[in-house]
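Colleague: The structure's right below; bear with me while I get my questions together.
The values are calculated or read from the model by the stated rules, or taken from the named source; none is laboratory data. Fair warning: this is a prediction, and the values are worked out from it, not measured in the lab. All Cβ positions, even for glycine, are placed from backbone atoms using ideal geometry, and neighbour counts span all protein chains on display.
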Amino acid sequence: MNNKFKVFIDGKAGTTGLKIFERLEKRDDIELLLIDEDKRKDNDERARLINSADIVFLCLPDAAAKEAVTLCTNSDTRIIDASTAHRTDPAWDYGFPELSEKHRENIRKSKRVANPGCYASGFISLAYPLIQAGVLPEDYPVTCHAVSGYSGGGNRMIAAIEGADKTFEMNSPRQYALGQQHKHLPEMQAVCGMKYPPMFNPIVDDYYCGMVVSLPLVTRCLTRKYTPADIHEIMCAHYAGQHFVKVMELGGTETLPDGFLAANTLADTNNMQIFVCGNDEQILLCSRFDNLGKGASGAALQNMNIMLGLDETIGLE
């Protein structure tokens with residue numbers, strides 16, 4: 001008797017889909033439903049596999065992800081969408097279980113889960129607890145800085161940076177989305193319940209994967225004068241008992257072995273580390289994780305485990 005869960009990855013060739021596939025093919029409780037290469041865009045074959053699956057991962061551009069949802073007619077098929085398409089859709093549950101017990105319970109019961117974006121995961125991990133605790137005034141001018149490995153840009157950027165035609169500028173950190181229209185901004189604002197979107201400064205650098213997202217706080221502009229110890233206590237309380245999200249020792253880079261907060265330390269893991277640094281006037285919060293792990297495929301697999309009633313750490317350690 002086959003008691004394996006059937007899983008279909010629609011968009012297996014992309015960076016997120018490939019990582020999900022690599023982890024799932026090692027599991028003995030999963031039966032991967034594979035589509036023939038020449039039928040990847042055959043909607044009849046895609047629909048057959050989608051409706052045969054217990055769990056479907058959508059690792060597609062937004063328009064294709066929306067189309068894939070329309071192909072699902074089986075009420076028992078549960079979908080995890082890794083695209084941007086449904087992250088602010090109230091009909092979908094947001095796939096960040098550590099945010100609250102309500103988030104975790106919604107994921108457990110859900111038929112439709114929107115997997116968080118990578119930058120958004122880092123920002124929300126820092127801003128959401130502060131907003132829930134009443135630290136930020138409604139009109140606080142929130143700023144977010146972030147640095148990511150180039151794998152976050154997908155196959156096209158990977159090919160450009162690893163190819164023979166790599167330009168001189170690709171050896172340096174590169175800022176982008178300077179017009180404040182980054183696709184993660186609506187998600188960052190909506191999930192945190194912010195009146196205004198944050199000012200967002202994303203940077204891609206010449207290393208493969210890993211990410212640090214930072215949120216600076218000017219204490220004189222908060223709802224009251226908080227110290228770093230106060231903020232650290234709030235973050236520790238919010239993430240108490242979580243397996244993948246850990247609040248680190250209070251303090252800055254002086255607490256780290258070489259004095260630097262490297263962005264690639266958690267590569268190939270589903271872990272996230274929260275740092276609280278600074279002084280009584282200026283506090284800096286940082287979230288470190290793998291943009292392909294907790295920022296994409298790892299989070300998707302964690303959500304799948306929760307939805308299937310399994311230990312959320314299976315296949316992620």
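Colleague: For the range 251-280, give me each residue that is out of contact with any Pro (no Cβ under 6 Å at 6 or more places or on another chain) and hydrophobic (A, V, I, L, M, F, W, C). Step through it out loud before you land on a result.
Modeller: Initial filter on the range 251-280 (out of contact with any Pro (no Cβ under 6 Å at 6 or more places or on another chain)): 251-275, 277, 279-280.
Listed by number, the residues that qualify are L256, F260, L261, A262, A263, L266, A267, M272, I274, F275, C277.
Colleague: Within the range 262-291, which residues are charged (D, E, K, R) and farther than 16 Å from K246 by Cα? Break it down into steps so the answer makes sense when it comes.
Modeller: Here is the first cut: in the range 262-291, the ones charged (D, E, K, R) are 268, 280-281, 288, 290.
Across the range 262-291, the qualifying residues are D268, D280, E281.
Colleague: Pull up the range 198-243, narrow it to residues that are touching an Asp or Glu at 6+ places or on another chain (Cβ under 9 Å) and of a type in the set (A, V, I, L, M), then point me to the one that is nearest to Y119 (Cα to Cα).
Modeller: Ranking the candidates gives M211 first.
Colleague: Collect the residues in the range 38-89 that are under 16 Å from the mean Cα position of the chain (by Cα) and surrounded by 20 or more Cβ atoms within 10 Å (Cβ to Cβ), keeping them in residue-number order.
Modeller: Across the range 38-89, the qualifying residues are F57, L58, C59, L60, I80, D81, A82, S83, A85, H86, R87.
Colleague: Run N106 past the list (1) over 23 Å from L292 (Cα atoms); (2) not assigned by TED's automatic domain parsing to the domain that holds Y94 and report the number of the one that doesn't hold.
Modeller: Condition not satisfied by N106: (2).
Colleague: Only residues that are surrounded by 21 or more Cβ atoms within 10 Å (Cβ to Cβ) and either basic (K, R) or closer than 15 Å to A127 by Cβ (or both): list them for the range 213-246, please.
Modeller: Of everything in the range 213-246, those that are surrounded by 21 or more Cβ atoms within 10 Å (Cβ to Cβ) and either basic (K, R) or closer than 15 Å to A127 by Cβ (or both) turn out to be V213, S214, L215, L217, I231, M235, V245.
Colleague: Any idea which of (1) at pLDDT 95 or above; (2) surrounded by 15 or more Cβ atoms within 10 Å (Cβ to Cβ); (3) of a type outside the set (F, W, Y) is the one P141 doesn't satisfy?
Modeller: Among (1) at pLDDT 95 or above; (2) surrounded by 15 or more Cβ atoms within 10 Å (Cβ to Cβ); (3) of a type outside the set (F, W, Y), the lone unmet condition for P141 is (2).
Colleague: So, N291, is that one free of Cβ contacts under 8 Å to residues at least 60 places away in the same chain, within 23 Å of Y94 (Cα to Cα) and either crowded, with 24+ Cβ neighbours inside 10 Å or among the acidic types (D, E) (or both) or not?
Modeller: Numbers: free of Cβ contacts under 8 Å to residues at least 60 places away in the same chain: no; within 23 Å of Y94 (Cα to Cα): yes; either crowded, with 24+ Cβ neighbours inside 10 Å or among the acidic types (D, E) (or both): yes.
Considered against the rule, which asks whether it is free of Cβ contacts under 8 Å to residues at least 60 places away in the same chain, within 23 Å of Y94 (Cα to Cα) and either crowded, with 24+ Cβ neighbours inside 10 Å or among the acidic types (D, E) (or both), N291 comes out as no.
Colleague: Still on this structure: Are any of the residues in the range 139-157 in a helix (DSSP H, G or I), of a type in the set (A, V, I, L, M) and out of contact with any strand residue (DSSP E or B) (no Cβ under 8 Å at 6 or more places or on another chain)?
Modeller: No, the range 139-157 contains no residue that is in a helix (DSSP H, G or I), of a type in the set (A, V, I, L, M) and out of contact with any strand residue (DSSP E or B) (no Cβ under 8 Å at 6 or more places or on another chain).
Colleague: How about the range 300-317: which of its residues are closer than 17 Å to E101 by Cα and in a helix (DSSP H, G or I)?
Modeller: Within the range 300-317, Q302, N303, M304, N305, I306, M307 meet the criteria.
Colleague: With respect to the numbered conditions (1) without any contact (Cβ under 8 Å) to a residue 24 or more places away in the chain; (2) surrounded by 17 or more Cβ atoms within 10 Å (Cβ to Cβ), which one is the sole condition not fulfilled by G14?
Modeller: (1)
Colleague: If you don't mind, another one. Check off (1) touching a Cys at 6+ places or on another chain (Cβ under 6 Å); (2) outside any loop (DSSP other than H, G, I, E, B) for N291 and give me the number that stays unchecked.
Modeller: Only one criterion in (1) touching a Cys at 6+ places or on another chain (Cβ under 6 Å); (2) outside any loop (DSSP other than H, G, I, E, B) is unmet by N291, namely (2).
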